[in-house]
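What follows is a single structure, written as C-alpha coordinates, with notes after it.
The values are calculated or read from the model by the stated rules, or taken from the named source; none is laboratory data. Everything numeric here is computed off the predicted structure, so don't read it as measured data. We place every Cβ from the backbone using ideal geometry, glycine too, and count neighbours over all the protein chains shown. Ligands, DNA and RNA are excluded from the accessible area calculation, which covers all protein heavy atoms including side chains. Shrake-Rupley method; radii C 1.70, N 1.55, O 1.52, S 1.80 Å.
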There are 2 protein chains.
Amino acid sequence: MEEKEISQAVISRLPRYFRYLGELKERGIERISSQELSDIMKVTASQIRQDFNNFGGFGQQGYGYNVEYLYDEISKILGIDQMHQLIIIGVGNLGQALTNYTNFNRRGFVFKGAFDCNPELYGMKIRGVEVRPTEEIENFVRTNNIDIAVLTIPKDQAVPMAQRLVDCGIKAIWNFAHVDLDVPENVQVENVHLSDSLMKLSYNITRYEKKHGRTGNGKTGS
Amino acid sequence: MEEKEISQAVISRLPRYFRYLGELKERGIERISSQELSDIMKVTASQIRQDFNNFGGFGQQGYGYNVEYLYDEISKILGIDQMHQLIIIGVGNLGQALTNYTNFNRRGFVFKGAFDCNPELYGMKIRGVEVRPTEEIENFVRTNNIDIAVLTIPKDQAVPMAQRLVDCGIKAIWNFAHVDLDVPENVQVENVHLSDSLMKLSYNITRYEKKHGRTGNGKTGS
DNA sequence: AAAGTTATGTGAAATTAATGTCAAATCATA
DNA sequence: TATGATTTGACATTAATTTCACATAACTTT
(Lines give C-alpha, C1' and ligand atoms only; values in the text may rest on other atoms or scores of the structure.)
Protein backbone atom coordinates (compact mmCIF):
# COMPACT_ATOMS: atom_id res chain seq x y z
CA MET A 1 0.00 0.00 0.00
CA GLU A 2 1.59 3.17 -1.26
CA GLU A 3 1.25 6.27 0.94
CA LYS A 4 0.86 9.37 -1.15
CA GLU A 5 3.54 11.96 -0.57
CA ILE A 6 2.43 15.12 1.24
CA SER A 7 3.87 18.33 -0.15
CA GLN A 8 6.25 20.34 2.02
CA ALA A 9 3.91 23.31 1.58
CA VAL A 10 1.31 21.44 3.60
CA ILE A 11 3.85 20.30 6.19
CA SER A 12 5.06 23.85 6.66
CA ARG A 13 1.55 24.86 7.64
CA LEU A 14 1.05 22.10 10.21
CA PRO A 15 3.10 23.66 13.02
CA ARG A 16 1.00 26.80 12.75
CA TYR A 17 -2.25 24.84 12.97
CA PHE A 18 -0.74 23.01 15.89
CA ARG A 19 0.07 26.24 17.66
CA TYR A 20 -3.41 27.68 17.22
CA LEU A 21 -5.06 24.45 18.28
CA GLY A 22 -2.87 24.38 21.36
CA GLU A 23 -4.09 27.83 22.26
CA LEU A 24 -7.71 26.88 21.69
CA LYS A 25 -7.23 23.79 23.82
CA GLU A 26 -5.71 25.89 26.57
CA ARG A 27 -8.70 28.18 26.46
CA GLY A 28 -10.94 25.17 26.97
CA ILE A 29 -12.53 25.26 23.53
CA GLU A 30 -13.70 21.81 22.53
CA ARG A 31 -14.76 22.10 18.94
CA ILE A 32 -14.05 24.33 16.00
CA SER A 33 -15.20 24.56 12.41
CA SER A 34 -12.90 25.19 9.50
CA GLN A 35 -14.68 28.51 9.05
CA GLU A 36 -13.99 29.67 12.60
CA LEU A 37 -10.36 28.58 12.35
CA SER A 38 -10.20 30.36 9.02
CA ASP A 39 -11.30 33.60 10.66
CA ILE A 40 -8.71 33.29 13.41
CA MET A 41 -5.79 32.17 11.28
CA LYS A 42 -6.50 34.22 8.16
CA VAL A 43 -6.30 31.34 5.74
CA THR A 44 -9.19 29.99 3.70
CA ALA A 45 -11.47 27.41 5.25
CA SER A 46 -11.06 25.38 2.11
CA GLN A 47 -7.32 25.16 2.60
CA ILE A 48 -7.73 24.10 6.18
CA ARG A 49 -10.07 21.27 5.23
CA GLN A 50 -7.88 20.26 2.32
CA ASP A 51 -4.77 20.25 4.50
CA PHE A 52 -6.31 18.10 7.21
CA ASN A 53 -7.78 15.75 4.66
CA ASN A 54 -4.35 14.84 3.40
CA PHE A 55 -4.06 12.74 6.52
CA GLY A 56 -7.59 11.36 6.67
CA GLY A 57 -10.86 12.76 7.89
CA PHE A 58 -10.41 14.34 11.30
CA GLY A 59 -13.66 16.25 11.25
CA GLN A 60 -17.31 15.46 11.39
CA GLN A 61 -19.96 16.94 9.14
CA GLY A 62 -22.32 19.26 10.92
CA TYR A 63 -20.01 19.40 13.94
CA GLY A 64 -16.56 20.52 12.86
CA TYR A 65 -13.30 19.38 14.38
CA ASN A 66 -12.68 18.29 17.94
CA VAL A 67 -9.86 20.54 19.09
CA GLU A 68 -8.09 18.08 21.37
CA TYR A 69 -8.36 15.18 18.95
CA LEU A 70 -7.10 17.28 16.05
CA TYR A 71 -4.26 18.60 18.20
CA ASP A 72 -3.20 15.09 19.12
CA GLU A 73 -3.45 13.87 15.54
CA ILE A 74 -1.28 16.70 14.26
CA SER A 75 1.25 16.02 16.97
CA LYS A 76 1.39 12.41 15.77
CA ILE A 77 1.77 13.47 12.17
CA LEU A 78 4.60 15.80 13.11
CA GLY A 79 6.20 13.02 15.12
CA ILE A 80 6.36 15.09 18.28
CA ASP A 81 4.55 12.39 20.20
CA GLN A 82 7.94 10.68 20.05
CA MET A 83 11.07 11.51 22.01
CA HIS A 84 13.99 12.99 20.10
CA GLN A 85 17.47 12.95 21.56
CA LEU A 86 19.60 15.79 20.35
CA ILE A 87 23.09 17.17 20.67
CA ILE A 88 24.42 20.65 20.03
CA ILE A 89 27.61 21.05 18.09
CA GLY A 90 29.12 24.48 18.59
CA VAL A 91 28.61 26.06 21.99
CA GLY A 92 28.75 29.66 20.87
CA ASN A 93 26.09 32.22 21.63
CA LEU A 94 23.54 30.67 19.35
CA GLY A 95 24.27 27.13 20.47
CA GLN A 96 23.78 28.12 24.09
CA ALA A 97 20.65 30.07 23.28
CA LEU A 98 19.08 27.03 21.65
CA THR A 99 20.18 24.78 24.46
CA ASN A 100 18.54 27.04 26.99
CA TYR A 101 15.33 27.24 25.03
CA THR A 102 13.26 25.10 27.32
CA ASN A 103 10.25 24.88 25.07
CA PHE A 104 11.94 22.23 22.96
CA ASN A 105 12.18 20.05 26.02
CA ARG A 106 8.46 20.25 26.53
CA ARG A 107 7.88 18.99 23.02
CA GLY A 108 9.95 15.88 23.55
CA PHE A 109 13.27 17.17 22.25
CA VAL A 110 15.78 16.13 24.86
CA PHE A 111 19.11 17.88 24.99
CA LYS A 112 21.65 15.13 25.62
CA GLY A 113 25.07 16.51 24.78
CA ALA A 114 27.11 19.55 23.83
CA PHE A 115 30.30 19.63 21.81
CA ASP A 116 32.86 22.21 20.85
CA CYS A 117 36.40 22.25 19.52
CA ASN A 118 37.51 24.98 21.92
CA PRO A 119 39.33 23.26 24.85
CA GLU A 120 38.57 26.19 27.14
CA LEU A 121 34.92 25.20 27.10
CA TYR A 122 35.45 21.53 27.95
CA GLY A 123 33.79 20.68 31.21
CA MET A 124 31.61 23.79 31.21
CA LYS A 125 28.03 22.89 32.02
CA ILE A 126 24.95 24.04 30.11
CA ARG A 127 21.65 23.03 31.57
CA GLY A 128 23.41 20.24 33.42
CA VAL A 129 25.15 18.90 30.35
CA GLU A 130 28.92 18.98 30.07
CA VAL A 131 30.66 20.37 27.00
CA ARG A 132 32.85 17.72 25.39
CA PRO A 133 35.48 17.75 22.65
CA THR A 134 34.14 17.17 19.15
CA GLU A 135 36.31 14.07 18.84
CA GLU A 136 33.85 12.26 21.09
CA ILE A 137 30.84 12.94 18.88
CA GLU A 138 30.82 9.66 16.94
CA ASN A 139 30.99 7.53 20.03
CA PHE A 140 28.40 9.64 21.83
CA VAL A 141 25.91 9.53 18.97
CA ARG A 142 26.18 5.75 18.74
CA THR A 143 25.97 4.95 22.43
CA ASN A 144 23.26 7.47 23.28
CA ASN A 145 20.98 6.91 20.32
CA ILE A 146 21.08 10.52 19.20
CA ASP A 147 18.53 11.44 16.53
CA ILE A 148 19.26 15.08 15.81
CA ALA A 149 22.43 17.13 15.68
CA VAL A 150 22.09 20.89 15.95
CA LEU A 151 24.85 22.49 13.93
CA THR A 152 25.84 25.92 15.21
CA ILE A 153 29.39 26.10 13.94
CA PRO A 154 31.01 28.18 11.18
CA LYS A 155 30.17 27.11 7.65
CA ASP A 156 33.60 25.81 6.71
CA GLN A 157 33.49 23.42 9.65
CA ALA A 158 29.88 22.48 9.03
CA VAL A 159 30.43 20.53 5.84
CA PRO A 160 33.01 18.02 7.16
CA MET A 161 31.10 17.80 10.44
CA ALA A 162 27.91 16.89 8.58
CA GLN A 163 29.80 14.11 6.84
CA ARG A 164 31.04 12.78 10.19
CA LEU A 165 27.49 12.86 11.52
CA VAL A 166 26.16 11.04 8.49
CA ASP A 167 28.86 8.41 8.90
CA CYS A 168 27.98 7.69 12.49
CA GLY A 169 24.30 7.27 11.74
CA ILE A 170 22.62 10.50 12.72
CA LYS A 171 19.00 10.75 11.56
CA ALA A 172 18.72 14.48 11.14
CA ILE A 173 20.65 17.74 11.15
CA TRP A 174 19.21 21.07 12.20
CA ASN A 175 21.58 23.31 10.34
CA PHE A 176 22.26 26.89 11.39
CA ALA A 177 25.48 27.16 9.41
CA HIS A 178 25.18 29.31 6.32
CA VAL A 179 25.95 26.58 3.85
CA ASP A 180 24.01 23.86 2.07
CA LEU A 181 24.75 20.39 3.33
CA ASP A 182 24.89 17.50 0.94
CA VAL A 183 23.69 14.38 2.72
CA PRO A 184 22.13 11.07 1.67
CA GLU A 185 18.36 10.81 1.64
CA ASN A 186 18.23 8.83 4.87
CA VAL A 187 19.44 11.91 6.74
CA GLN A 188 16.98 14.76 7.07
CA VAL A 189 18.21 18.35 7.00
CA GLU A 190 16.37 21.45 8.05
CA ASN A 191 18.14 24.71 7.39
CA VAL A 192 17.75 27.86 9.41
CA HIS A 193 19.53 30.49 7.40
CA LEU A 194 19.10 33.59 9.52
CA SER A 195 20.81 35.93 7.13
CA ASP A 196 18.53 34.78 4.32
CA SER A 197 15.61 35.66 6.51
CA LEU A 198 17.04 39.10 7.26
CA MET A 199 17.66 39.72 3.57
CA LYS A 200 14.06 38.90 2.80
CA LEU A 201 13.05 41.45 5.38
CA SER A 202 15.39 43.96 3.78
CA TYR A 203 13.83 43.26 0.38
CA ASN A 204 10.36 43.88 1.71
CA ILE A 205 11.37 47.16 3.34
CA THR A 206 12.97 48.29 0.09
CA ARG A 207 10.03 47.17 -2.01
CA TYR A 208 7.59 49.04 0.18
CA GLU A 209 9.66 52.21 0.09
CA LYS A 210 10.05 52.06 -3.67
CA LYS A 211 6.34 51.61 -4.10
CA HIS A 212 5.52 54.46 -1.77
CA GLY A 213 8.30 56.82 -2.71
CA ARG A 214 10.29 56.96 0.49
CA THR A 215 14.02 56.56 0.42
CA GLY A 216 16.35 54.43 2.49
CA ASN A 217 19.75 55.36 3.93
CA GLY A 218 22.45 55.12 1.31
CA LYS A 219 25.33 52.99 2.54
CA THR A 220 27.82 55.77 1.98
CA GLY A 221 25.58 58.57 3.16
CA SER A 222 24.55 59.40 6.68
CA MET B 1 4.42 53.02 -14.64
CA GLU B 2 3.27 50.00 -12.68
CA GLU B 3 5.97 47.62 -11.36
CA LYS B 4 4.79 44.05 -11.43
CA GLU B 5 4.81 42.34 -8.08
CA ILE B 6 7.47 39.68 -7.60
CA SER B 7 6.29 36.57 -5.81
CA GLN B 8 7.72 35.75 -2.41
CA ALA B 9 8.74 32.37 -3.81
CA VAL B 10 11.22 34.15 -6.04
CA ILE B 11 12.40 36.47 -3.27
CA SER B 12 13.06 33.53 -1.00
CA ARG B 13 15.48 32.15 -3.54
CA LEU B 14 17.45 35.36 -4.02
CA PRO B 15 19.54 35.14 -0.83
CA ARG B 16 20.70 31.70 -1.89
CA TYR B 17 21.73 32.93 -5.34
CA PHE B 18 23.45 35.80 -3.60
CA ARG B 19 25.39 33.45 -1.37
CA TYR B 20 26.57 31.26 -4.24
CA LEU B 21 27.52 34.25 -6.36
CA GLY B 22 29.49 35.64 -3.44
CA GLU B 23 31.44 32.42 -3.25
CA LEU B 24 32.09 32.41 -6.98
CA LYS B 25 33.24 36.01 -6.80
CA GLU B 26 35.57 35.15 -3.94
CA ARG B 27 37.04 32.35 -6.02
CA GLY B 28 37.76 34.85 -8.76
CA ILE B 29 35.24 33.46 -11.23
CA GLU B 30 34.09 36.18 -13.61
CA ARG B 31 31.29 34.64 -15.60
CA ILE B 32 28.81 31.85 -15.21
CA SER B 33 26.00 30.37 -17.28
CA SER B 34 22.62 29.42 -15.91
CA GLN B 35 23.55 25.81 -16.70
CA GLU B 36 26.74 25.89 -14.64
CA LEU B 37 24.95 27.59 -11.76
CA SER B 38 22.22 25.00 -12.11
CA ASP B 39 24.76 22.20 -11.64
CA ILE B 40 26.24 23.83 -8.55
CA MET B 41 22.99 24.86 -6.90
CA LYS B 42 20.84 21.89 -7.88
CA VAL B 43 18.00 23.93 -9.30
CA THR B 44 16.96 24.01 -12.93
CA ALA B 45 18.72 26.40 -15.27
CA SER B 46 15.31 27.45 -16.47
CA GLN B 47 14.29 28.56 -13.02
CA ILE B 48 17.48 30.55 -12.61
CA ARG B 49 16.91 32.42 -15.86
CA GLN B 50 13.24 32.96 -15.08
CA ASP B 51 14.07 34.26 -11.60
CA PHE B 52 16.67 36.74 -12.79
CA ASN B 53 14.44 37.91 -15.58
CA ASN B 54 11.86 39.11 -13.13
CA PHE B 55 14.18 42.02 -12.53
CA GLY B 56 15.35 42.62 -16.08
CA GLY B 57 17.99 41.00 -18.24
CA PHE B 58 21.19 40.59 -16.31
CA GLY B 59 22.77 38.14 -18.71
CA GLN B 60 24.07 38.18 -22.21
CA GLN B 61 23.30 35.62 -24.84
CA GLY B 62 26.29 33.53 -25.79
CA TYR B 63 28.18 34.69 -22.70
CA GLY B 64 26.15 34.03 -19.59
CA TYR B 65 26.08 36.20 -16.50
CA ASN B 66 28.86 38.36 -15.14
CA VAL B 67 29.30 37.17 -11.57
CA GLU B 68 30.21 40.47 -9.99
CA TYR B 69 27.54 42.43 -11.84
CA LEU B 70 24.86 39.89 -10.98
CA TYR B 71 26.01 39.84 -7.36
CA ASP B 72 25.74 43.62 -7.14
CA GLU B 73 22.36 43.68 -8.84
CA ILE B 74 20.94 41.11 -6.44
CA SER B 75 22.32 43.03 -3.49
CA LYS B 76 20.47 46.10 -4.80
CA ILE B 77 17.26 44.14 -5.27
CA LEU B 78 17.52 42.81 -1.73
CA GLY B 79 18.21 46.31 -0.49
CA ILE B 80 21.42 45.31 1.27
CA ASP B 81 23.30 48.04 -0.54
CA GLN B 82 21.53 50.27 1.97
CA MET B 83 22.31 50.65 5.65
CA HIS B 84 19.77 49.33 8.13
CA GLN B 85 19.77 50.48 11.72
CA LEU B 86 18.45 47.89 14.10
CA ILE B 87 17.69 47.38 17.75
CA ILE B 88 17.31 44.22 19.77
CA ILE B 89 14.40 43.91 22.15
CA GLY B 90 14.97 41.14 24.66
CA VAL B 91 18.56 40.54 25.72
CA GLY B 92 18.21 36.87 26.55
CA ASN B 93 20.41 34.16 25.12
CA LEU B 94 19.00 34.44 21.65
CA GLY B 95 19.04 38.22 21.63
CA GLN B 96 22.68 38.24 22.62
CA ALA B 97 23.52 35.57 20.10
CA LEU B 98 22.03 37.62 17.29
CA THR B 99 23.74 40.77 18.51
CA ASN B 100 27.09 39.06 18.46
CA TYR B 101 26.55 37.67 15.01
CA THR B 102 28.99 39.93 13.23
CA ASN B 103 28.03 38.87 9.74
CA PHE B 104 24.97 41.07 9.86
CA ASN B 105 27.20 44.07 10.39
CA ARG B 106 29.13 43.28 7.25
CA ARG B 107 25.91 43.33 5.27
CA GLY B 108 24.98 46.82 6.41
CA PHE B 109 22.81 45.89 9.36
CA VAL B 110 24.03 48.12 12.15
CA PHE B 111 23.23 47.18 15.71
CA LYS B 112 22.31 50.44 17.41
CA GLY B 113 20.53 49.60 20.64
CA ALA B 114 19.50 46.87 23.06
CA PHE B 115 16.47 46.85 25.33
CA ASP B 116 15.17 44.66 28.10
CA CYS B 117 12.64 44.94 30.88
CA ASN B 118 14.92 43.32 33.45
CA PRO B 119 16.55 46.13 35.52
CA GLU B 120 19.49 43.89 36.39
CA LEU B 121 20.63 44.09 32.80
CA TYR B 122 20.48 47.85 32.46
CA GLY B 123 23.89 49.28 31.73
CA MET B 124 25.34 45.94 30.67
CA LYS B 125 27.23 46.29 27.41
CA ILE B 126 26.90 44.05 24.38
CA ARG B 127 29.27 44.76 21.56
CA GLY B 128 29.73 48.24 22.90
CA VAL B 129 26.03 48.94 23.15
CA GLU B 130 24.37 49.55 26.49
CA VAL B 131 21.21 47.71 27.49
CA ARG B 132 18.38 50.16 28.20
CA PRO B 133 14.92 49.87 29.74
CA THR B 134 12.15 49.15 27.27
CA GLU B 135 10.43 52.38 28.24
CA GLU B 136 13.04 54.22 26.21
CA ILE B 137 12.31 52.37 22.97
CA GLU B 138 9.92 54.87 21.41
CA ASN B 139 12.23 57.79 21.92
CA PHE B 140 15.26 55.83 20.75
CA VAL B 141 13.57 54.62 17.56
CA ARG B 142 12.52 58.13 16.64
CA THR B 143 15.77 59.92 17.39
CA ASN B 144 18.06 57.25 15.92
CA ASN B 145 16.13 56.47 12.77
CA ILE B 146 15.81 52.79 13.54
CA ASP B 147 14.53 50.64 10.68
CA ILE B 148 14.32 47.18 12.16
CA ALA B 149 13.41 45.84 15.60
CA VAL B 150 14.53 42.34 16.46
CA LEU B 151 11.97 40.80 18.79
CA THR B 152 13.43 38.15 21.06
CA ILE B 153 10.98 38.34 23.92
CA PRO B 154 8.28 35.92 25.12
CA LYS B 155 5.20 35.74 22.95
CA ASP B 156 2.79 37.38 25.38
CA GLN B 157 5.03 40.43 25.52
CA ALA B 158 5.64 40.42 21.78
CA VAL B 159 2.15 41.43 20.72
CA PRO B 160 1.89 44.68 22.74
CA MET B 161 5.52 45.46 21.97
CA ALA B 162 4.86 45.11 18.25
CA GLN B 163 2.03 47.61 18.62
CA ARG B 164 4.33 50.06 20.38
CA LEU B 165 6.89 49.68 17.63
CA VAL B 166 4.28 50.24 14.95
CA ASP B 167 3.11 53.34 16.76
CA CYS B 168 6.56 54.89 16.87
CA GLY B 169 7.17 54.33 13.18
CA ILE B 170 9.35 51.24 12.91
CA LYS B 171 9.71 49.96 9.34
CA ALA B 172 10.17 46.29 10.05
CA ILE B 173 10.09 43.62 12.73
CA TRP B 174 12.25 40.53 12.72
CA ASN B 175 10.11 38.37 14.94
CA PHE B 176 11.52 35.44 16.91
CA ALA B 177 8.55 35.24 19.29
CA HIS B 178 6.29 32.28 18.67
CA VAL B 179 3.23 34.28 17.79
CA ASP B 180 1.79 35.93 14.70
CA LEU B 181 1.98 39.69 14.76
CA ASP B 182 -0.81 41.75 13.29
CA VAL B 183 0.64 44.95 11.87
CA PRO B 184 -0.38 47.43 9.18
CA GLU B 185 0.97 46.92 5.68
CA ASN B 186 3.54 49.68 6.01
CA VAL B 187 5.40 47.57 8.57
CA GLN B 188 7.21 44.51 7.28
CA VAL B 189 7.36 41.37 9.41
CA GLU B 190 9.64 38.39 8.96
CA ASN B 191 9.01 35.51 11.30
CA VAL B 192 11.62 33.06 12.49
CA HIS B 193 9.65 30.37 14.23
CA LEU B 194 12.36 28.00 15.40
CA SER B 195 10.01 25.45 16.87
CA ASP B 196 8.09 25.27 13.60
CA SER B 197 11.35 24.49 11.90
CA LEU B 198 12.18 21.78 14.42
CA MET B 199 8.72 20.25 13.99
CA LYS B 200 9.22 20.10 10.26
CA LEU B 201 12.44 18.24 10.88
CA SER B 202 10.62 15.89 13.21
CA TYR B 203 7.99 15.28 10.54
CA ASN B 204 10.63 14.39 7.99
CA ILE B 205 12.36 11.99 10.36
CA THR B 206 9.06 10.30 11.11
CA ARG B 207 8.04 10.17 7.46
CA TYR B 208 11.31 8.57 6.48
CA GLU B 209 11.09 5.99 9.23
CA LYS B 210 7.50 5.13 8.36
CA LYS B 211 8.42 4.68 4.74
CA HIS B 212 11.41 2.51 5.56
CA GLY B 213 9.99 0.59 8.45
CA ARG B 214 12.18 1.77 11.31
CA THR B 215 10.64 2.86 14.56
CA GLY B 216 11.25 5.90 16.73
CA ASN B 217 11.44 6.10 20.52
CA GLY B 218 8.02 6.13 22.11
CA LYS B 219 7.63 9.05 24.46
CA THR B 220 6.82 6.81 27.42
CA GLY B 221 9.38 4.14 26.61
CA SER B 222 13.16 3.79 27.35
C1' DA C 1 33.98 39.09 -41.54
C1' DA C 2 31.82 34.72 -41.83
C1' DA C 3 30.62 30.47 -39.63
C1' DG C 4 29.71 27.94 -35.86
C1' DT C 5 28.77 27.77 -31.02
C1' DT C 6 26.85 29.18 -26.87
C1' DA C 7 23.42 30.57 -23.81
C1' DT C 8 19.90 34.06 -22.83
C1' DG C 9 15.05 35.58 -22.70
C1' DT C 10 10.45 34.40 -23.57
C1' DG C 11 6.12 32.34 -24.62
C1' DA C 12 3.79 27.98 -24.17
C1' DA C 13 2.98 23.63 -21.77
C1' DA C 14 2.91 21.05 -17.75
C1' DT C 15 2.69 20.64 -13.12
C1' DT C 16 1.47 21.94 -8.56
C1' DA C 17 -1.13 24.56 -5.27
C1' DA C 18 -5.09 27.14 -3.71
C1' DT C 19 -9.82 28.21 -3.88
C1' DG C 20 -14.71 27.52 -4.81
C1' DT C 21 -18.76 24.54 -4.83
C1' DC C 22 -21.98 21.27 -3.43
C1' DA C 23 -23.89 16.59 -2.19
C1' DA C 24 -24.10 13.97 1.77
C1' DA C 25 -23.66 13.31 6.59
C1' DT C 26 -24.40 14.77 11.13
C1' DC C 27 -26.20 17.71 14.55
C1' DA C 28 -29.76 20.27 17.07
C1' DT C 29 -34.39 20.89 18.03
C1' DA C 30 -39.02 20.34 18.49
C1' DT D 1 -38.59 10.92 14.47
C1' DA D 2 -38.92 14.58 11.10
C1' DT D 3 -37.03 19.14 9.77
C1' DG D 4 -33.84 22.62 9.06
C1' DA D 5 -29.20 24.19 9.89
C1' DT D 6 -24.51 23.19 9.80
C1' DT D 7 -20.21 21.66 8.08
C1' DT D 8 -17.25 18.25 6.22
C1' DG D 9 -14.97 15.76 2.32
C1' DA D 10 -14.53 15.35 -2.42
C1' DC D 11 -14.30 17.18 -6.66
C1' DA D 12 -14.04 21.01 -10.03
C1' DT D 13 -12.08 25.19 -11.10
C1' DT D 14 -8.87 28.71 -11.05
C1' DA D 15 -4.38 30.51 -10.07
C1' DA D 16 0.44 30.19 -9.47
C1' DT D 17 4.73 28.11 -10.28
C1' DT D 18 7.95 25.42 -12.68
C1' DT D 19 9.71 23.35 -16.69
C1' DC D 20 10.26 22.97 -21.61
C1' DA D 21 11.69 24.42 -26.04
C1' DC D 22 13.40 27.42 -29.30
C1' DA D 23 14.21 31.84 -31.80
C1' DT D 24 17.48 35.20 -31.33
C1' DA D 25 21.50 37.64 -30.00
C1' DA D 26 26.14 37.73 -28.75
C1' DC D 27 30.44 35.54 -28.45
C1' DT D 28 34.57 32.99 -30.35
C1' DT D 29 37.50 31.39 -33.64
C1' DT D 30 39.48 31.17 -37.94
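Qualifying trypsin sites (Lys or Arg not before Pro) in the range A:42-78, where qualification requires a DSSP coil assignment and no more than 14 other C-beta atoms within 10 Å, comprise A:42.
Counting only other chain Cβ atoms within 10 Å of each residue's Cβ, the peptide B:103-112 averages 2. Say R0 is 56 Å: what FRET efficiency, to the nearest 0.05, do residue B:138 and residue A:155 get from their beta-carbon distance? Once the sixth-power term is evaluated, E becomes 0.90. Averaged per residue, the range B:84-195 has 43 square angstrom of accessible surface, using a 1.4 angstrom probe with ligands and nucleic acids left out. Dividing the summed helix terms, -39500 (n - 2.57) for each DSSP H run of n ≥ 4, by the number of residues in chain B produces a 222 nm estimate of -13500 deg cm²/dmol to the nearest 500. Listed cross-link partners A:76/A:200; A:112/B:125; A:76/B:210; A:76/B:211; A:155/B:25 are compared with a 21 Å cut-off, the Cα-Cα value being larger for A:76/A:200; A:112/B:125. Each label point was placed 7 Å from the Cα along the Cα-to-Cβ direction; for residue A:168 and residue B:118 their separation is 3.2 nm. Subtracting the Cα-Cα distance of residue A:211 and residue A:76 from their residue separation scaled by 0.36 nm leaves 44.2 nm. Mean per-residue shielding of peptide B:89-99 is 4, counting Cβ atoms of other chains within 10 Å of each Cβ. Peptide packing for B:155-168, A:146-159, A:54-67 was compared via the average number of neighbouring C-beta atoms within 10 Å per residue; ordered from the highest value, the list is A:146-159, B:155-168, A:54-67.
Counting, for every residue in B:173-179, the Cβ atoms of other protein chains within 10 Å of its Cβ and taking the mean gives 2.
Size descriptors for the range B:84-195, from the alpha-carbon set: Rg then Dmax equal 12.7, 36 Å. Rg and Dmax over the alpha-carbon atoms of chain B stand at 21.4, 65 Å.
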